[in-house]
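Structure first, then comments.
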């Protein structure tokens, strides 16, 4: 047995860091470093001698971590001579150069098995001496740094004194492994037992393949006034400054992620007794603190919870959560036992003092960070400093500014309710509002008295222009106006009520009836003729006095509908005098469109004439509407996209080309329709447009006249537009317009470019139309900082009158905000730093899988980058509630095999977002509104059917054991013996659990974790294990 193989095993704390280094070999973020600028009477040679003595004499600094027989051992090798501490001469003021050199050095990985786990250097420039210290975190922590600084100061003052005995202590000798105490397990089970993960997928930032996470650290000195206020407030409340700042961090964490249920990592010193406190090495144990802000009313309530919980965590700070996970956190999935944020409190600053000198700490421009978000507070005795370390992406939320604001509000009034502690101060909130809504507050658009009045003026201006063209004929503006007058006169004679239902086929008559209803000062209610009787009966309950329905044939004979034959309203006849009608009122309701309700009962959205007219006025500058345009009426008139199509044409003298129903269902026929009609303004849902792209050919570029393509109705994946640009170039302007029925069709406008189609991965929706506003708010109604997801609240002139006959629901969804009536969209969005908005999907449509919140649209965007995939949809299959899984439906001319698809997805998505099943289909089924028909998706027949088996290369028992372990770690995932572990959803974090379970199940202590990255199929891994054990089945 060699001395190395007889070395003590690494402690649980050291083993966690070692495992991290194995999984993420490029991550150097845990390296500890400091740079000091020293002025005054500095004895450089004395300082150099002290550093050499410390480097040689501190046992921990000369400990390497090596694997022997499957065990990581802490191997100490005493250096043969004192290590060199180089002295480098620089010119001028070299502080920035010194900081840069150390930052680059610190961002370079130190292998755990390197014999030397530190580096000390001295620099001299024309003004000062600079000292740089670098340690592997495996051999140093905050406590050890304080001890190192004290030893450095003592030896510098007295060079003849001996090293302290603590320098020879070995953490492995001072930490005795012990089973978790029942009290510790119970303490954490009470707080973690409900969790399914310790991670937070709302924290932003993605590691490279080698595990590096790019970011930076920023610092804030709180100043004497606020520091004194915090210290006094903590004393008044009977808590520690640590608890106060931790509570403030939790509120900050919530505000920069949009989460209320939080899990923060708390690094604890994990040193008991004087000897451990004086020792060198790594002892820290980071344990999770789980808090739901929704369970606390005020900041003081949260503070008291944090104070009591932190005391308990300190009492049990030596708990090895990995060893106790099954009991303490039974619902957490395998391998997910690490938090991805942390808060640390230093009771004193990390500094050194040398007699006769002034020592200044230098900021370091490091570019690697440990977590997407971490924070530490340094207590200087009088003042406090806050250091925040964030990924580049997370810095968009500016956690440092949020923390500053939160601390100030909490110190001012700890009884302030948590929902009244916003992320942003009023000035910053106003600045963000202006960035997103640069035209807010302008004068309302001047509009005619009504839609009918506007149309009549257009008809007088362009009487002989073609207004509508359809299968049933063509009407000029004069003819359409005359037909609409007939309808209006007869409706006034026959319908006393204010609402008129319309159930008709597409054609010129439909347009005439809609306009005639408006001319009669009545509200039209579109009823899709294809709707089932049950839905129509639900809609009719909104009209307790009854409603007349204009029909071109009887659609629902058993529903009790009062039918008005359309041909009777449209029939030629003497004009006669129109019965008296109310005066035009732009605030009158123009139409009521019924949308699906969460309870299954349709909601009737009441939209006024002004709502529609200001939509058109606000969009004119973007599109230049005019009589030269031909608009296609593609969508059902029961879908509010049709309002935009109809009135975009007939209010401006353009031509409305009505798409036959059979044509709308055939991409080839629709393409020819666009060519024949020379449509210039095309409006599409992304799903419908994807069907058109399938049949678009290079020769069509010269045949089409389209100048504007407007997307709406559902989230747009920009990469799906590349085939259009490849064929059409930039002949047409493509525009994404997010909108909601309750806010009158469209809310925002964003012009798309070929470059954004190539590079944009999010559904960017731009900025609001001029007379609308959008504010992204958290669950408490506070404005979210840039980058933080929240609900989009829409204000302005497009906000409609609410739901017909539903006052309670109207009050809930159309609340007052700042004295203005707004609409709560229920859509998740975020503001980018430049003020543009991103649509993140429905709040109620996000899915959670094994503790991760997943936006399915992000997976769909990634799937569209796979060669051969032209359209796709991703859904969560919950038919087997014990094993839910993601299913991808992919359509295209040549969708690759599953392995190739997953390989592309793994490059763009975290493992938990890679679908377990991939279903190929000729085309995605669509509803009449052009959206994906959920009910018609071709779900796989058996969610748990196993892949075909093949003969095993390893012994049957070994292969069965490997398969069982994989199934346990990846529940619900199907695979065969030749499927790659990483192709079926496995990740590096899962490898940790696979390694542990295999060593337990097969008694193979020699199996090293790194080997699981080489033997990645059941067949190969089983064979490798049998080879290692000498039990190959011949």
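Only Cα pairs under 8 Å and 6+ residues apart enter the sum, and on that basis the relative contact order of region 476-574 stands at 32 percent. Just to confirm my numbers, what's the Cα centroid distance between region 413-450 and region 647-665 in Å? If you average the Cα positions of each part, the centres end up 38 Å apart.
Does region 591-740 come out rounded, prolate or oblate, given a ≥ b ≥ c as the square roots of the eigenvalues of its C-alpha gyration tensor, rounded meaning a/c under 1.5 and, failing that, prolate meaning a/b above b/c? Note, shape of region 591-740 comes out prolate. The antiparallel fraction among DSSP beta bridges confined to region 623-774 stands at about 30%.
When you restrict to C-alpha pairs under 8 Å that are six or more residues apart and normalise by the size of region 12-174, the relative contact order lands at 34 percent.
So, in Å, what gap is there between the alpha-carbon centers of region 701-773 and region 183-206? Each part reduced to its Cα centre gives a spacing of 41 Å. Each 10 Å bin, from zero up to the one with the longest distance, holds this percent of the alpha carbon pairs of region 375-414: 26, 49, 23, 2. The alpha carbon gyration tensor of region 737-849 gives principal lengths a ≥ b ≥ c with a/c of 1.5 or higher and a/b greater than b/c, which makes the shape prolate. With both partners inside the chain, how many of the DSSP beta bridges are antiparallel, as a percent to the nearest 5? Bridges in the chain that DSSP calls antiparallel: roughly 70 percent. Percent of C-alpha pairs per 5 Å bin in region 283-352, short distances first: 3, 12, 19, 22, 20, 14, 7, 3, 1, 0.
For region 182-423, the antiparallel share of DSSP beta bridges with both residues in that region comes to about 75%.
Remark: region 12-174 is approximated by an ellipsoid whose semi-axes, taken from the C-alpha gyration tensor as √(5λ), come to 28, 20, 12 Å, largest first.
Nearest 10 degrees, 0 to 90: what angle lies between the long axis of helix 641-650 and the longest principal axis of the chain (Cα atoms)? The angle comes out at about 50 degrees.
Mean projected area of the convex hull spanned by the Cα atoms of region 319-385, taken over all viewing directions: 7.7 nm². Take the alpha carbon atoms of region 101-123, find their center, do the same for region 235-292, and report the distance between the two centers in whole angstrom. Taking the Cα centre of each part, region 101-123 and region 235-292 sit 28 Å apart. Stokes-Einstein, applied to the Kirkwood radius of region 116-191 over Cα pairs at a viscosity of 1.306 mPa s and 10 °C, places its translational diffusion at 98 µm² s⁻¹. Here the scattering of the chain is modelled by Debye summation over its C-alpha atoms, one equal scatterer each and no solvent; at q = 0.04, 0.06, 0.07, 0.10 Å⁻¹ the log10 of I(q)/I(0) is -0.27, -0.57, -0.75, -1.23.
For the chain, the longest principal axis of the alpha carbon atoms and the long axis of helix 223-237 meet at an angle near 90°.
Between residue 84 and residue 113, the modelled labels are 2.6 nm apart [label points 7 Å from Cα along Cα→Cβ].
Quick check: from the Cα gyration tensor, does region 182-423 come out rounded (a/c under 1.5), prolate or oblate? Note, shape of region 182-423 comes out rounded. The alpha-carbon atoms of region 99-254 define a convex hull whose volume equals 268 cubic angstrom per residue. Helix 956-969 and the long axis of the chain differ in direction by around 70°, with both axes built from C-alpha atoms.
By the helix-only formula, in which each DSSP H run with n ≥ 4 contributes -39500 (n - 2.57) and the sum is divided by residues, the chain has a 222 nm mean residue ellipticity of -10000 deg cm²/dmol. When only C-alpha pairs under 8 Å and at least 6 residues apart count, what is the relative contact order of the chain, in percent? With pairs under 8 Å counted, the relative contact order is 9 percent.
Every number here is computed from the coordinates shown, using simple stated rules; none is lab data. Quick caveat: nothing in here was measured; it's all calculated off a predicted structure. Methodologically, a virtual Cβ is constructed for each residue, glycine included, from the backbone with ideal geometry; neighbour enumeration extends over all protein chains shown.
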